[in-house]
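Structure first, commentary second.
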Amino acid sequence: MTEQSTSALLLKRIAAYQWAVLDKPHLTYSDISPLLRELAVRERITLTRIGNSFQGLPIHRLTIGNGPLTFLAWTQMHGDEPTATAAMLDLLAMLSEPACDDIICDNWLSQVTLHIIVMLNPDGASLTRRENAQGIDINRDARALQTPEGRLLDEQVRELRPDIGFNLHDQSRYYAVGSSKKPATLSFLAPPFNAAGDVDGSRLRAKQLIAAMHQAVSNHRPGQFGRYNDAYAHRCFGDTIAGCGVSTILIESGADYHDPNRQSARTLNVVALYTALNASISQRYLQYSLDDYYAIAENQENGLCDVLLKNVTQENETGDRYRCDIAVNETAPGHATVVATGDLTELGGFREIDCDGLTLCNAKGFCAEPGDSVTGTAYLGLLSQGYNHLLCQNSRINIATDLPLLQCLSPLPERTGPLPGTPAFFVFRDDKKPCCALLSTHWLTF
């Protein structure tokens with residue numbers, strides 16, 4: 001079977017075995033517990049309760065295979081990073097079916113043992129926050145081991161003595177791949193085990209495996225995969241586990257275009273883990289070098305924004321005109337703020353809008369009266385008159401539009417400008433009259 005046909009077959013299999021109920025922006029223990037029970041009854045899979053969270057929620061390990069080459073993966077160490085949890089449950093659903101053996105090899109179960117700790121931080125997941133119930137970042141607890149979840153992971157590493165480890169996280173959606181202005185849908189790192197950044201045999205294997213995984217996922221999202229720098233963090237589990245002689249691999253799931261629930265990263269995690277299994281069994285990873293690893297472009301933090309308005313004309317108090325770009329990020333559903341203005345040619349946007357020929361209108365508030373009903377039609381009428389916010393001083397009004405709307409207790413200064421931190425509710429005019437608006441991240445013409 002050619003590499004291209006194997007890749008196509010793998011994607012088809014992944015789609016067939018994905019748990020549809022996990023296509024959500026966030027996952028908690030109640031979302032995955034029914035699936036754990038379902039997987040536990042499959043012949044190939046063993047479910048082991050390895051301990052409890054600080055608040056007593058169960059933490060489980062799923063195991064498949066009985067071979068000498070041992071893998072250990074853990075997900076959702078940070079409670080608000082759920083993408084790999086869904087991906088690993090997809091992977092296990094696929095690998096538990098004998099019909100899928102043809103995408104690896106017939107006797108792969110006797111060559112490898114794969115352990116996956118799903119949702120290491122169920123308390124943080126229930127709170128939709130990074131830290132555990134103690135308020136501690138588990139991934140900074142590798143030395144002090146003050147969290148029960150951190151102690152569990154440490155115990156599992158010492159008990160299972162894995163050859164290869166996968167530390168699975170989510171990253172900010174605003175990471176870009178180098179200077180490409182493309183989102184880093186996955187990012188990789190073979191973490192160092194000391195401050196000198198030495199490369200021993202285990203770390204070399206991790207870098208070779210990452211190079212193999214990078215090549216595989218690049219078939220599906222070319223140019224959307226990055227690499228973290230090699231800075232050493234002695235408190236972090238990845239670095240600490242690498243110091244135990246484990247070929248440790250960090251995979252961070254990121255954003256893709258038009259993909260709010262990170263389903264692209266979910267699928268590509270499965271592709272990456274499958275590739276690592278396959279390359280380890282066949283030893284195909286040996287064909288890759290350190291140069292292949294370092295050829296992966298480094299991540300650029302805050303290299304993207306949600307909306308990039310380009311070539312916006314503005315006027316100052318004396319009527320002088322100048323042009324700039326405006327970057328906007330959504331901070332809550334229906335609300336976004338300006339994050340930067342000026343020459344933003346090095347920044348990319350998930351949506352980019354060329355505002356050449358448009359002038360930003362001054363801020364203008366409409367005084368709403370008690371009992372007023374703001375319908376979609378009425379709102380469009382206000383926008384077409386240049387109003388970008390409603391003044392609702394102690395008045396109760398009925399909002400009857402799905403469009404994002406900015407309500408204020410007092411008028412915004414006329415010339416607020418697109419200052420960082422200001423609400424992204426702007427009306428633009430052409431040479432004649434107001435004609436379009438940015439309402440949070442929603443672009444509207446009228």
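Throughout, read-outs are computed from the coordinates displayed, never taken from laboratory work. As the structure is a prediction and not an experimental result, all values here were calculated from the model. All Cβ positions, even for glycine, are placed from backbone atoms using ideal geometry, and neighbour counts span all protein chains on display.
How much net charge surrounds V21 when only the other residues with a Cβ under 15 Å from the Cβ of V21 are counted, with Lys and Arg +1 and Asp and Glu -1?
That works out to -1.
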query: Hey, in the GNM for the chain with a 10 angstrom Cα cutoff, which one of L91, L412, L27 fluctuates hardest?
result: L412
message: Show me the trypsin sites (Lys or Arg not before Pro) within the range 310-406 that DSSP assigns to loop and that have at most 13 other Cβ atoms within 10 Å of their Cβ.
response: R396
- prompt: Based solely on its DSSP helices, what 222 nm [θ] is calculated for the chain when runs of n ≥ 4 H residues each add -39,500 (n - 2.57) and the sum is averaged over all residues, nearest 500 deg cm²/dmol?
  reply: -8000 deg cm²/dmol
query: How much net charge surrounds S280 when only other residues with a Cβ under 9 Å from its Cβ are counted (Lys, Arg +1; Asp, Glu -1)?
result: +1
message: What FRET efficiency comes out for A196 versus T345 if R0 is 45 angstrom and r is the Cβ-Cβ distance? Round to the nearest 0.05.
response: 0.75
- request: Find, among the GluC sites (Glu not before Pro) in the range 211-305, those assigned to loop by DSSP (not H, G, I, E, B) with at most 15 other beta-carbon atoms within 10 angstrom.
  value: E301
- prompt: Exposure proxy check: V118, V374 ranked by fewest other beta carbons within 10 Å?
  reply: V374, V118
message: What does the extension gain come out to for S289 and I50, with contour length at 0.36 nm per residue minus their alpha carbon separation?
response: 82.3 nm
task: Based on alpha-carbon positions alone, could you give the equivalent ellipsoid semi-axes of the range 52-139 from the gyration tensor, as √(5λ), descending, whole Å?
output: 30, 12, 9
- request: Give the residues of the range 333-350 whose amide nitrogen is closer than 12 Å to a point set 7 Å from the Cα of N302 in the direction of its Cβ.
  value: 339-341
- prompt: What is the order of V177, V112, fewest Cβ neighbours within 10 Å to most?
  reply: V112, V177
message: Looking at the chain as a GNM with Cα springs under 10 Å, which of G348, G254, G243 has the largest mean-square fluctuation?
response: G243
message: Report the gain in length on full extension from R323 to N229: 0.36 nm times residue separation, minus Cα-Cα distance, nm rounded to one decimal.
response: 30.3 nm
- prompt: Between R151 and N311, what is the FRET efficiency for a Förster distance of 51 Å, r being their Cβ-Cβ separation, to the nearest 0.05?
  reply: 0.40
message: Test of understanding: what is the full-extension gain from C408 to S96, defined as 0.36 nm times their sequence separation minus their Cα-Cα distance?
response: 106.7 nm
query: When the Karplus curve 6.51 cos²θ - 1.76 cosθ + 1.60 is applied with θ = phi - 60°, which whole-Hz ³J(HN,Hα) does each residue of the range 210-215 get, with x for Gly and Pro?
result: 4, 4, 5, 5, 4, 4
